[in-house]
Amino acid sequence: MKDTGKECSCDPRTQEKSFLVWWARLTDYCWELFKYNLWYLLFALPSFLCMLIFLVFSAHLFLLAGLILLIPAGPAMLTLYEAATKIAAGELRTVLPRFFSTYKRHCRHGFAFSFALAIIVLVTLYPVYFVIVTSSVMKIAVMICASMAVLLLCCLLPHIVHFLISGEHHGVLKKAVIRALRGGKASFFAGLLQATWLFCCMIYPYVAVFVALLGIPAVICMTVMYILPQAHEE
């Protein structure tokens, strides 16, 4: 493995965004991404598995358990995004956040963030589940609306997380919308990447769990923060 004090060879201040720069950072920090990914899954995977059991067996108790277990995943998500932002910007390994100390620092706003996510998941997921189970004629319309809502959330998510981890907690949603609009195509493609991963998790859950254990969530986070301007400009 490379020297832990070595900085990524591609300086974000002198290099333009390109696949080669992204690949250099991914390969330079693959072990760090893998470790952050495992710690993140420790908090996120139980919620996902409960949601999956709910969808397969229509066990509403597991839906409630999944929503409750989603709340501790909030600070873990903020920690993963903070690490991904630094890696995407080519920061030194010595400044990468320690997972559990950073998790503790993000607890307050992370729990509030994940509580809001749990409500959004319930409002988005349950109508889709209902129209599928009842074979409603509104199935297509509801699924299209839910898909658009997920895509919108994914476009805003990295910007919301950015403001939370940087300590700008007031007016987060408004600032995230403004930042997403300014981001233009970058925000859209970053959101599309995350939305595609979520849809893959819903359609191929067993494969998604296996792939997630290999580090895909952390790679996606790093890629999203690399695509967005803030990973280089701030």
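The values are calculated or read from the model by the stated rules, or taken from the named source; none is laboratory data. A quick note: this is a predicted structure, and the numbers were derived from the prediction, not measured. Because the Cβ atoms are built from the backbone with ideal geometry, glycine has one as well, and the counts that use them run over all protein chains shown.
Out of the stretch 190-233, which residues are at negative phi, crowded, with 16+ Cβ neighbours inside 10 Å and outside any helix (DSSP H, G or I)?
L228
Among the residues of the stretch 155-180, how many are within 23 Å of T102 (Cα to Cα) and assigned to a helix (DSSP H, G or I)? Let's see the steps before the verdict.
Of all residues in the stretch 155-180, those within 23 Å of T102 (Cα to Cα) come to 156-173, 176.
Those still in the list that are assigned to a helix (DSSP H, G or I) too: 156-165, 172-173, 176.
Residues meeting the conditions: 13.
Hey, among the residues in the stretch 61-89 that are surrounded by 18 or more Cβ atoms within 10 Å (Cβ to Cβ) and more than 18 Å from the chain's Cα centre (by Cα), which one's farthest from I203 (Cα to Cα)? Let's see the steps before the verdict.
The initial filter retains those residues of the stretch 61-89 that are surrounded by 18 or more Cβ atoms within 10 Å (Cβ to Cβ), namely 62-63, 65-67, 69-89.
Remaining after also requiring more than 18 Å from the chain's Cα centre (by Cα): 62-63, 65.
Numbers: F62: 19, L63: 18, A65: 21 Å.
Looking at residues that are surrounded by 18 or more Cβ atoms within 10 Å (Cβ to Cβ) and more than 18 Å from the chain's Cα centre (by Cα), I get A65.
When both residues are 6+ apart or on different chains and their Cβ atoms are under 6 Å apart, which pairs have a first residue that lies in the stretch 198-220 and is among the β-branched types (V, I, T), and a second that is in a helix (DSSP H, G or I)?
If the second residue must be in a helix (DSSP H, G or I), the pairs left are I220/W197.
Pick from V142, V161: which is at pLDDT 85 or above, among the β-branched types (V, I, T) and touching a Pro at 6+ places or on another chain (Cβ under 8 Å)? Quick ask: steps written out before the conclusion?
Details: V161 fails: touching a Pro at 6+ places or on another chain (Cβ under 8 Å).
V142 is the lone residue from the list that is at pLDDT 85 or above, among the β-branched types (V, I, T) and touching a Pro at 6+ places or on another chain (Cβ under 8 Å).
Kindly indicate whether any position in the stretch 109-118 is more than 20 Å from L69 (Cβ to Cβ) and surrounded by fewer than 19 Cβ atoms within 10 Å (Cβ to Cβ).
Going residue by residue through the stretch 109-118, those that are more than 20 Å from L69 (Cβ to Cβ) are none.
No: the stretch 109-118 contains no residue that is more than 20 Å from L69 (Cβ to Cβ) and surrounded by fewer than 19 Cβ atoms within 10 Å (Cβ to Cβ).
Could you list, in sequence order, the residues of the stretch 93-118 that are free of Cβ contacts under 8 Å to residues at least 12 places away in the same chain and within 17 Å of the chain's Cα centre (by Cα)?
The one that is free of Cβ contacts under 8 Å to residues at least 12 places away in the same chain and within 17 Å of the chain's Cα centre (by Cα): A116.
What are the residues in the stretch 11-60 that are crowded, with 18+ Cβ neighbours inside 10 Å, hydroxyl-bearing (S, T, Y) and part of a loop (DSSP other than H, G, I, E, B), if any?
The one that is crowded, with 18+ Cβ neighbours inside 10 Å, hydroxyl-bearing (S, T, Y) and part of a loop (DSSP other than H, G, I, E, B): Y29.
Considering only the stretch 90-105, how many residues are surrounded by 20 or more Cβ atoms within 10 Å (Cβ to Cβ) and in a loop (DSSP other than H, G, I, E, B)?
Number of matching residues: 1.
Kindly list the number of the only condition in (1) under 14 Å from the mean Cα position of the chain (by Cα); (2) farther than 26 Å from K104 by Cα; (3) buried (at least 19 other Cβ atoms within 10 Å of the Cβ) that fails for R179.
(1)
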